[in-house]
Amino acid sequence: MTMYDGAQACVKNQATEPCAPSSGKGGRLPVKKDSLAVRFRKGLRQWLAVLPFLSVGLVLFVVFVLYPQLKNIYIAFSEYSIMPGSENPFVGFENFKRAFIGIKEHGSDAYYFWIAFRNNLLAVLVTVPGQMVLGLLVAVMIHNLKFGKNIYKIIFYIAVICDWVVVANIFDYIFQPDNGSLVNFVLMKLHILKEPLAWLKETWTGNWVIWIFSIWKGFGWVMIIYTAALQGISKDMYEAATIDGASSVEKFFYITLPSVRGTTFYLLINLINGAMNIFIQVFLLTKGDPVGTTDVMMNYIYTRAFSYFEFGYAAACGLMMGIFVFTTAMCLKRFLRYGQDT
Amino acid sequence: MKRSTGKWLALLMAAVMLFSLAACSGGEKEAKDKEPASTGGDEAKGNEDQTPAPAGDSGLTYDGDEVTITYWHTHGDAEEEVLKEQIVPEFEKQFPNIHVKLVRMPYDGLKQQIIQGVSSGTAPDLMRMDIIWISEFAKMGALVPVDELPGFADLKDKFFEGPLSTNYYDGKYYGVPLNTNCLGGCWSKTLMEQLEITELPTTYDEVLALKDKLKDGQYLFSAEGANTWALAPLFYSLGGHYTNEDFTKATGYMNSDVSVKALETIVQWYDEGILGPATMGGKPDVSNGLFRGNYLFSYQGPWFYTNNKEEDIAKVQSGMLPAGDGGSVTVVGGEDLCMFNSGKNQEAAWVFARFLLGEYAQKAQALGGGRLIPTIKEYANSDEVMAVENMDVYVKQLETAISRTPHPNWEKMSDKLNKLFESCLRHEAEPKAGLDKLAGEVDALLAE
Amino acid sequence: MKKSRAAAQIVIHVILIFLAVICLTPFLSMISSSFMDIRGVLPDVPVIFPKFPLFVENYAKVWTANNFSRYFLNTLVISVGGLVVNVMISVSMAYSFARFKFPGREAIFNVFLLTMMVPAQLALISQYTVLNGLKLIDNYAGVLLLWGGTCVAGNTFFYRGFFESVPKELEESMFLDGASRFQVLTHCIIPLCKPAIGTSAIFAFNGYWGDLFNILTFIKTEEKRTLSVALQLFRGQHTTEYGLMFAASVIVIIPVIVIFIIFQKQFMRQGLMEGAVKG
């Protein structure tokens, strides 16, 4: 699914070098100041040199990513109709206001906006640590195995590579409300449940299914990235620690964790982005039921745009979402990098 | 360096071209040797002997240029087979200058696809669309009004009124009803035996009288969800209304005493275990409940009888819904045919639309696997169609079917109502207060 | 000492096997269900293991119905095409950012970052307008270009670090031997960054293989559709035919898993990060 793939695509970035922008700044400091004309000519020459490699990708990016997003900004400030040739009057911040007026009032636009937003935040709080911890633990276990490493890696990775639609259908199936569904059956056999639950029809069970789904599908990816990072830690450090009499737990906290900090940061950013962009799970499993309490932002925006035709409002919500995620990522980057330096 | 990047680019472009070429040529070839018959679809086969003889002269003419029209639909497997193997071949035989390109669309996310087409002027020539969407797209200015088109005036009087009304928006018709349906009663033979009844109860009072005979885990009836579609028959039969008859006002209707009473009764029945848990998505679900005798009856559309296994269907029978204070009311569903303004072959598309409304196509779909109910009274009441299983019940039930509010803002209203129904059943909201508040909001939506 | 190590190994295996069972049971359930005649009512007891005799009609029906076999081929063609475009564009983009200096480089890079965070749902409408203007609707080339454009930001971000970690000395010696930039890229950087490229390529392939919304939106002819669209057709308006849908799902995911297992050695064993550094 594209939308999620967008999120997944960003999930694979920058593993080794988490601080590109500042390094770039340093690189741009000129040794001595050239005149404007000289600098311009130099810049032009540099651009000409890079253009053969850059042009195709950059053009496609501008056309298919940047232009639509700039247009989104325009849509967000207008009362937009998709009919060709229609007038799209400029409405200022009207669309943005709607997400804030009547937050407490049951049934208003803002009310459901904030429920969806809350669910995204909860998803971040649950699925990000869930995937990180599970992924890291499994990675460490696999790393310490003598044989069978690859088999386990493949098994845990299958869920990651499977189609979202397929996996969503499986989850829909095993969480059906009757006695015969896999989850109800097992939990009843284990006497955890007395009677079958309609998982996808209740607020919190529905949310939990969405979260468990995300963790189940995502932790394999975390595991793969971590196993790779673990291979990069030198064995000498562990041997030295063993001689000093450190326990396995101590080694984990004092050697392993600090060594994979860069990877952790990279995973963190991407998992947060992923959790904020949850869509397919909701779109195919709960549709936000009951009463919009399992809704998430992406589904909210989708419904507003494509069921209600409120493109302006949907675009405004999307824009606010993007700014929020971007700011969070930047803050996190500052914060974590600060820790790294000291 | 220049040369090597050129190579790089050329390679990229070549790859792109190659794949697009492969795709195009592949597509054409497939279209040419499209084989007519694939196996499977037993339901359709079983009915083959009943297929009506090909219509001789449908009275339609087309003398325009040779064109290919695109037709979007969401038919299921069995219905698609009738369309592909009977209706379209017959049509293309009669109108060699018109070719029909069928595109079956998935139901999830369909609206987005339509919007995409409308916004760029690439919508299909003709589309079979859910009846509740017509007015939305008409308001947007995307649809062609059909009032002035040849033959519409004649057709108009032949339609069932309910389905036709779903095409009406702001003084004009923007489509024609293709097939109709409604929720009817699906009664569990298993539970009827246990309760020792042979005649179907005709009123809710009679149904309620059976309550004491139920065992644990049994309920009198259940809807399939707490929404404006699934709960409508019950809500309306109990006297409730969503709006006035012209769909212009909700205050005084949606929150009238009877409507409030209706919703309160529904909540009360749900609490007392008269209305089954499937209403809120609980177990047993409606199909299981009917087959095993957990529910005496449920509200089901005609598709229910073709979507389940034969041995399961043997455990239920169709019948009229019981009547409440408001009568035995149900809701109209189904699909309309509409044409988009951007369509380039409107004349040919309209010919095909009329062919789909002709005797041959309407009867073929009724007798075929999907058992679609014709929207033209004459065909629906014809002997062959009436002979189709369950058809008589649904056609009769349709007489008292109300149409859900045909209004561009229906989807928003419906969402609000759904949420209210659910909240009330969960006791998170009070029927009276909720409906009062909602009626005002819906008034505003209707006035837009 | 040795004994406790062996015990630890066993404990780890037990935990991992337990987790593996949890991970795989849903899949097993799906595969088993795909061999059953499930219409309307779901089975009373959960299906975990296949029941004999197997009901293979689902597979026969799926393969013949709705052009499914045709879609399979389409999906393969377009996913491979997408993969090629993706790798070419991403690699050359990342190379530009890793090894060239030009004004505005970091600004562009930050724009990439920002666009990755804004939900892209409404972008579909504008993208459609563009492709329609280029007369590339209902054409695989259009979809490939679109995929090429949308992969740029994320992949440049991903590859750049790897490319930068390739020691410059290697390249400089190649330049001295008269190699062009392009040759350096193909003969030095790409081979050294194979694990990273492999990882991202597998992801890209999976994404394209399962892409639903783009195909549904931009491909308008039934014969040109792909598997994920066909899969969606089994989720009807009124019911979902689980047996058929799962049979179709199995057909859809098997190639992905097979390809993954074949190629996993390429990148998993070597390790993603160190692959580049070691070179």
inquiry  = If I model a spin label as a point 7 Å beyond the Cα along the Cα-Cβ vector, how far apart are those points for A:A49 and C:F100 in nm?
reply    = 1.0
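Give me Rg/Rg_expected for the stretch A:131-191, where Rg uses Cα atoms only and Rg_expected = 2.2 N^0.38 Å with N residues.
Values: Rg = 15.5 Å, N = 61, 2.2 N^0.38 = 10.5 Å.
Expressed relative to 2.2 N^0.38 Å, the Cα Rg reads 1.48.
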Rounded accessible area of A:L125 (nearest 10 Å², 1.4 Å probe) = 120
task = Can you pull the one-decimal nm distance between simple spin-label points at B:D216 and B:L195, each 7 Å off the Cα toward Cβ?
result = 2.1
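List the residue ranges in chain B for DSSP H helices whose C-alpha atoms run 20 angstrom or more along the long axis and whose Kyte-Doolittle average is 0.0 or above.
B:2-32, B:257-271, B:431-447
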query = Looking only at other chains, what is the average number of their beta-carbon atoms within 10 angstrom of each beta-carbon in B:299-305?
reply = 2
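Using helices alone, what [θ] at 222 nm do you get for chain C, with -39,500 (n - 2.57) per DSSP H run of 4 or more residues, divided over all residues and rounded to the nearest 500? Spell out each step's value before the answer.
Numbers: 13 runs with 194 residues, N = 279.
Mean residue ellipticity, 222 nm, calculated: -22500 deg cm²/dmol.
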key: More than 19 Å apart - percent of Cα-Cα pairs taken over the stretch C:11-121   = 73
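Take every residue in peptide C:12-21, count the Cβ atoms of other chains within 10 Å of its Cβ, and give the average of those counts.
5
Counting only other chains, and only Cβ atoms inside 10 Å, what mean value do you get across the residues of C:128-140? Provide the component values of the computation, followed by the final result.
Details: counts 7, 9, 5, 3, 6, 1, 1, 0, 1, 4, 4, 6, 10.
Mean shielding count: 4.
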remark   = For A:I103 and A:C331, extending 7 Å from Cα along the Cα-Cβ vector and measuring point to point gives, in nm, a value of 1.5
ask   = Rounded to the nearest 0.05, what FRET efficiency do B:D147 and B:M386 have when you use their Cβ-Cβ distance and R0 = 25 Å?
value = 0.20
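Is there a pair in A:K189/B:K211; B:K84/B:K189; A:K71/A:K97; A:K71/A:K104; B:K261/B:K416; B:K315/C:K61 whose C-alpha atoms are over 29 Å apart, and which pairs would that be? Kindly include the intermediate steps, with their values, before the conclusion.
Details: A:K189/B:K211 32 Å; B:K84/B:K189 36 Å; A:K71/A:K97 20 Å; A:K71/A:K104 32 Å; B:K261/B:K416 19 Å; B:K315/C:K61 27 Å.
Too far apart for the 29 Å limit: A:K189/B:K211; B:K84/B:K189; A:K71/A:K104.
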request  = Could you calculate, for the protein assembly as shown, the ratio of the Cα radius of gyration to the Kirkwood radius, expressed as Rg to Rh?
outcome  = 0.98
ask   = Counting DSSP beta bridges in the protein assembly as shown, what percent are antiparallel, to the nearest 5?
value = 65
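Calculated FRET efficiency, B:N244 and A:T205, Cβ-Cβ r, R0 41 Å, to nearest 0.05? Walk me through the numbers before you get to the answer.
Values: r = 40 Å, r/R0 = 0.97.
Rounded to the nearest 0.05, the efficiency is 0.55.
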ask   = If you find the alpha carbon centre of the stretch C:169-194 and of the stretch B:102-131, how far apart are they in angstrom?
value = 51
key: 5 angstrom amide H check on B:T203, placed H, neighbours 5+ away   = B:A323
query = Looking at the stretch C:66-278, how many pairs of lysines come closer than 14 Å at the Cα, when each pair is eight or more places apart or spans two chains?
reply = 4
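Which value at 222 nm does chain B reach when only helices count, each DSSP H run of 4 or more adding -39,500 (n - 2.57), with the total divided by all residues and rounded to the nearest 500 deg cm²/dmol?
Numbers: 22 runs with 196 residues, N = 448.
Computed mean residue ellipticity for chain B: -12500 deg cm²/dmol.
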task = Could you tell me the distance between the Cα centroids of the stretch B:194-255 and the stretch C:14-54, to the nearest Å?
result = 38
note = Length-normalised contact order of chain B, Cα under 8 Å, at least 6 apart, in percent, tallies to 26
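Just to verify a number: FRET efficiency for A:N88 and C:S4, C-beta to C-beta distance, R0 = 56 Å, to 0.05? Display every interim value, and only then the final one.
Values: r = 72 Å, r/R0 = 1.28.
Using R0 = 56 Å, I get an efficiency of 0.20.
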query = Evaluated at 37 °C with a viscosity of 0.692 mPa s, what Stokes-Einstein diffusion coefficient in µm²/s does the stretch C:66-278 have when Rh comes from the Kirkwood expression over alpha-carbon pairs?
reply = 171
ask   = What is the distance in Å between the Cα centres of the stretch B:348-404 and the stretch A:243-309?
value = 50
key: Listed peptides A:177-184, C:85-92, B:361-368, A:258-265 by packing density, highest first (mean Cβ within 10 Å)   = B:361-368, C:85-92, A:177-184, A:258-265
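The values are calculated or read from the model by the stated rules, or taken from the named source; none is laboratory data. Small disclaimer: the values here were computed from a predicted structure and weren't measured. Every residue, glycine among them, receives a Cβ derived from its backbone with ideal geometry; neighbour counts consider all protein chains shown. The accessibility values were calculated without ligands, DNA or RNA, using every heavy atom of the protein model including side chains. Shrake-Rupley method; radii C 1.70, N 1.55, O 1.52, S 1.80 Å.
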